[in-house]
Structure formats: structure tokens, C-alpha cells
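Below is one structure, written out as C-alpha cells; comments come after it.
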Amino acid sequence: MANLIQPKVLKGFRDFLPETEISRKDIQQTLEETFKSFGMVPIDTPVLEYTDVLLGKGSGETDKQIYRFNDHGKRDVAMRFDLTVPFARFMAAHINELYLPFKRYHISKVWRGENTQRGRYREFTQCDFDIVGVDTPEADFEILSIMHASLKALGVPDIHIHISHRGIFNAFLDHLGISDDLAEILRIVDKLAKIGEDKVLEMLTELADGDKASRILEYISAEGSFDDILGKLENLSGGPTPGSERIRIVRQMMIDCGIEELFVLNPSITRGLDYYTGIVYETFLDALPAIGSVCSGGRYNNLASIYSKTEMPGVGSSIGLDRLMAALDELGTSSSKKSLTDVLIMNMDRSLKGHYFSLATKLREAGLNAEVFLDNKKFKNQFSFAERKAIPFAVICGEDEFKENRVTLKDLNARQNFEMLTIEEAIEKIKEISG
RNA sequence: GUGGAUAUAGUUCAAUCGGUAGAGCACCAGAUUGUGGUUCUGGGUGUUGCGGGUUCAAGUCCCGUUAUCCACCCCA
């Protein structure tokens with residue numbers, strides 16, 4: 001007994017107690033239902049992959065953050081740091097067994113060895129949804145539409161989805177003749193909201209001459225209505241581009257569906273990951289911009305190209321479940337604790353224990369979740385147990401009820417008794433009260 | 001990974017100049033009702049994150065370490 005091992009968990013990794021886990025599962029279920037309602041199908045892939053498979057298309061940053069080690073067979077392996085790269089590998093491996101366009105969702109944990117912060121962990125859950133095999137505005141729009149539907153189904157208040165387009169920005173930089181520094185410029189541009197225009201201009205001036213730097217700033221800080229901004233971007237890039245045409249079509253689809261209010265054209269959104277080639281999205285909560293994007297993605301037309309010669313354009317997005325939950329928690333809008341058990345059968349008279357279990361079976365057969373209290377503690381104790389688990393009903397059956405083959409039902413929230421009911425009547429009553 | 005702040009009971013907090021840790025709520029045991037919201041009695045439930053050091057004496061001072069929060073970086 002002398003040397004107990006500390007029951008500690010790793011930095012950035014967490015245990016989930018039932019209360020939290022129940023709402024996590026609820027959220028996941030709501031998302032799954034939403035994804036399925038759009039015709040998406042689930043897949044799964046391994047947690048561990050060959051390192052070269054995962055690093056094939058990443059940037060230097062992912063290299064640093066990835067959990068990587070040698071397995072027992074001396075293979076160089078790594079844990080997936082997102083669900084998109086494994087998905088690209090999956091598509092390349094199974095393209096002949098699938099149909100296009102292929103729409104899948106994938107809700108699972110991923111791992112990144114970066115520093116932790118609120119809403120930012122080393123082990124976290126992503127909810128990805130992607131469409132592969134088509135490069136159309138319809139697909140771009142459908143992803144936006146699913147983002148909107150998902151967050152709406154979850155009851156996330158006051159969001160705006162910021163969209164932008166890598167293609168337009170690339171055309172713009174080409175027009176300026178400075179596309180070589182793309183990666184560096186993207187990084188700086190991405191900070192606009194955080195560090196302000198002056199700082200951004202200062203940093204850009206170190207890369208390009210002053211005139212070009214201020215042109216970039218002009219591009220990324222364009223203001224006005226959606227259409228105004230789009231027009232400005234086109235002017236700055238020397239006229240309409242395929243990208244801007246695409247955005248215009250997607251915009252019209254938003255209007256046709258009456259959801260255009262939620263979308264903001266924000267040219268400073270660029271996304272750090274360099275595999276994006278077209279439209280990109282980020283979602284912010286109006287009340288909590290500091291926590292970052294809770295749902296981001298974009299179009300990546302070459303992602304599978306390192307695994308396969310078959311061209312597989314894709315577009316998709318990812319909801320950060322843990323970050324979203326941290327945000328909802330902070331906003332106080334997370335759902336109140338729910339019970340999974342509908343009825344607790346009180347352990348009142350131990351000689352009737354067999355009867356209690358048969359009552360529980362009857363309740364379950366009627367579609368109710370029921371459990372028998374597993375100890376002969378006092379009522380007080382059994383009631384506190386029910387309260388801790390937020391169980392709404394208790395069934396009490398003592399000698400008197402048993403003789404008449406009846407039970408007493410107690411509505412634990414209202415603290416109201418319904419005495420001497422048959423079990424069938426009790427079931428009816430429970431369903432009536434819980435609606 | 002770099003820099004800064006923080007860490008005391010289940011929880012929210014307290015503990016003066018260094019003197020072996022207290023309070024509310026919560027919780028546990030018991031009494032009384034066939035049934036918990038009242039009442040009464042009793043209980044502090046703690047390795048002060050962890051490990052060292054200084055000291056007669058450390059929650060308090062020093063060093064290290066781990067975790068959390070914040071900023072950078074990056075991102076969900």
C-alpha cells in the first residue's frame with residue numbers, strides 16, 4: 001500500500017464524467033442525424049498510420065505536433081492529427097469500391113502535441129464531413145449548408161460563417177507578381193483580426209515593397225456588403241476569376257435558400273493548412289470570438305494526389321466538438337443535465353427483490369430505462385441517489401402493494417405520489433407526465 | 001516549444017510576522033415519520049498538486065517538477 005500510483009492524466013488529455021459525456025454523446029448524435037439527413041455516410045479509419053502517409057502533405061508545423069514513435073515491429077508510425085489526411089488515404093485506397101460523389105462523415109478523436117489552452121487540448125474530437133469527387137459550387141454550398149444546419153440543430157446562438165477563397169487570393173498575388181511568398185503572406189494575413197491593420201502592414205512591408213504591401217492590406221480589409229467586397233477583390237486581382245465566379249454562384253444559392261445573413265465574405269480568412277485550393281470557411285461565435293473558429297474547412301482539390309493518380313477534388317469542414325463545448329459552457333447555454341434512467345425501483349423490502357427485477361423488466365419492455373436500487377439503504381439514501389442521477393420517477397413496492405399486485409409511483413420532481421397503481425397504469429402515468 | 005500567472009476539503013474561499021489548516025454550502029453516520037425539502041445529535045471528510053531545501057518550526061520562504069489559465073506560435 002505504500003506506493004500508490006498517482007491517478008493522473010497527461011497534459012491536454014481529459015477524463016469525462018457522466019454528466020459531460022452524456023452531453024457530448026447527445027451532441028454527437030444530433031450531428032450524426034444532421035449529417036445523415038444530407039445523405040452522408042459514416043466511415044472509420046485507424047488511429048495509427050504510417051508516418052509517411054500522414055506527413056505526406058502537411059506543413060512543418062504538423063511535423064512538430066504529431067505524436068510519432070516506433071511500434072513493436074520498428075515501424076515508424078504516428079497518431080492521426082486530423083481526419084482529413086487519413087480520409088484522403090482512405091479514398092485513394094478504396095476509390096474502386098466507392099461511388100462518386102462520395103459524402104462521408106467521421107466523428108472521432110485526433111491528437112496534436114501542442115500547448116494547451118481553454119478549448120484547446122492535445123486529445124480532442126473532430127466532426128468532419130466532406131464531399132469528394134466533384135468540384136462544383138453545389139458541393140461547396142452543401143458543405144456550408146451542413147455547417148449551418150449542424151450548428152442550428154445544436155442550438156448554438158449567434159454565429160457567423162466567414163468565407164473566403166484561396167483561388168482569388170492567389171490570382172491577386174499573381175497579379176501583383178509576388179506569389180512566391182504565398183505561405184508567409186497567408187500567415188500574416190490570417191492575423192488581421194488579432195493584431196490590427198498597422199501591424200499587418202508593417203509585417204507585409206518586410207516581405208514586399210510598400211505599395212504592394214498596402215495593396216494586400218487593401219485586399220484583406222475590404223469592407224462593405226458581400227457583393228461590394230467581392231467586386232473589390234475582383235478589381236484588385238485584375239478582373240473576375242474562376243474563384244470569384246464560384247463565390248458569386250454560391251452566394252446566389254445562399255440567397256435562394258434564405259440563409260445569406262449568416263455568411264460574411266472575409267478576405268482575411270486564409271486557413272493555415274496549405275492544402276486548401278478554393279473556398280475556405282471559418283465559424284465564429286459572436287459572443288466569444290476569442291475562442292477561435294468552432295467549424296472550419298474548405299476546398300482541397302489535390303489532397304489525394306500524393307496517394308493516387310486519380311484526381312479527387314474534395315471539399316469539407318470540421319466541427320471542433322471540445323472547443324464548441326467549451327464555448328457553450330462559457331456562454332451558459334450548454335444543456336442541463338439529463339437522466340438516462342427513467343425509473344428507479346426502490347429497494348424497500350429485501351424479500352421482494354426478485355419482484356423488483358421483474359418490475360424493472362416490465363418497465364424496460366414498455367420502452368423505459370429502469371433500474372433497481374442495488375442495496376437496502378434507507379429511503380433517504382435511495383432518494384439522494386435518484387437525485388444525483390436526475391432520475392425523474394421512483395416505483396415503490398412494499399408489502400401492502402405487493403399483496404394487491406400494485407405499486408406506488410412517485411414523481412420525484414413534483415414529489416407527488418400515485419398510490420396503488422398496476423404496473424401498466426404506472427407506465428401510462430410516467431409516459432403522460434414526461435410527455 | 002517560449003514567456004507570465006496560479007495550485008489549500010467535494011465546492012467556493014480563509015489562515016496575520018513562518019508556529020503541525022478553518023468557515024459556508026455540500027457530504028457522511030445516527031434519531032423520527034412505510035416517502036428524500038423541516039428538526040435534532042454526531043463527524044472535518046485534507047499527503048495544503050508532487051519532490052527536495054532552509055529553519056527549532058513551512059500552506060507561508062527558496063529550488064525543481066507536474067497540471068491548469070493567459071500571451072506568442074499554431075489551430076478545432
inquiry  = Residues to consider are A:Asn115, A:Asn96; find the one that is assigned to a loop (DSSP other than H, G, I, E, B) and either in the same structural domain as A:Ser308 (by TED's automatic domain parsing) or modelled with pLDDT of 90 or more (or both).
reply    = A:Asn115
remark   = Within the range A:3-21, residues out of contact with any strand residue (DSSP E or B) (no Cβ under 6 Å at 6 or more places or on another chain) and either among the aromatic types (Phe, Trp, Tyr) or under 21 Å from A:Tyr105 (Cβ atoms) (or both) come out as A:Phe16, A:Glu21
key: Single match in A:Asp71, A:Asp135, A:Asp128 (criterion: of a type in the set (Asp, Glu) and in contact with a Leu (Cβ under 7 Å, 6 or more places away or on another chain))   = A:Asp128
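Yes/no per residue for (1) part of a strand (DSSP E or B); (2) in contact with a strand residue (DSSP E or B) (Cβ under 8 Å, 6 or more places away or on another chain); (3) open to solvent by less than 20 Å² (accessible area, probe 1.4 Å):
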| site | (1), (2), (3) |
| --- | --- |
| A:Asp228 | no, no, no |
| A:Val250 | no, yes, yes |
| A:Val264 | yes, yes, no |
| A:Asp329 | no, no, no |
request  = May I ask you to verify whether A:Asn70 is without any contact (Cβ under 8 Å) to a residue 24 or more places away in the chain, closer than 23 Å to A:Thr136 by Cβ, away from RNA strand B (no atom under 16 Å from the Cβ) and not charged (D, E, K, R)?
outcome  = no
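Among the residues of the range A:343-375, which ones are within 15 Å of RNA strand B (Cβ to nearest atom), under 15 Å from A:Ala386 (Cα atoms) and not hydrophobic (A, V, I, L, M, F, W, C)? Outline the logic, then answer.
Here is the first cut: in the range A:343-375, the ones within 15 Å of RNA strand B (Cβ to nearest atom) are A:343-353, A:355-356, A:359, A:372-375.
With the extra rule that they be under 15 Å from A:Ala386 (Cα atoms), the set shrinks to A:343-348, A:372-375.
Selection gives A:Asn347, A:Asp375.
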note = Taking the range A:410-435 and keeping residues open to solvent by less than 20 Å² (accessible area, probe 1.4 Å) and near RNA strand B (Cβ under 9 Å from one of its atoms) leaves A:Asp411
Residues of the range A:27-40 that turn out to be more than 18 Å from A:Glu138 (Cβ to Cβ) and open to solvent by 50 Å² or more (accessible area, probe 1.4 Å), as a count = 4
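The values are calculated or read from the model by the stated rules, or taken from the named source; none is laboratory data. Everything numeric here is computed off the predicted structure, so don't read it as measured data. Because the Cβ atoms are built from the backbone with ideal geometry, glycine has one as well, and the counts that use them run over all protein chains shown. Calculation scope for accessible area: heavy atoms of the full protein, side chains included, ligands and nucleic acids excluded. Shrake-Rupley method; radii C 1.70, N 1.55, O 1.52, S 1.80 Å.
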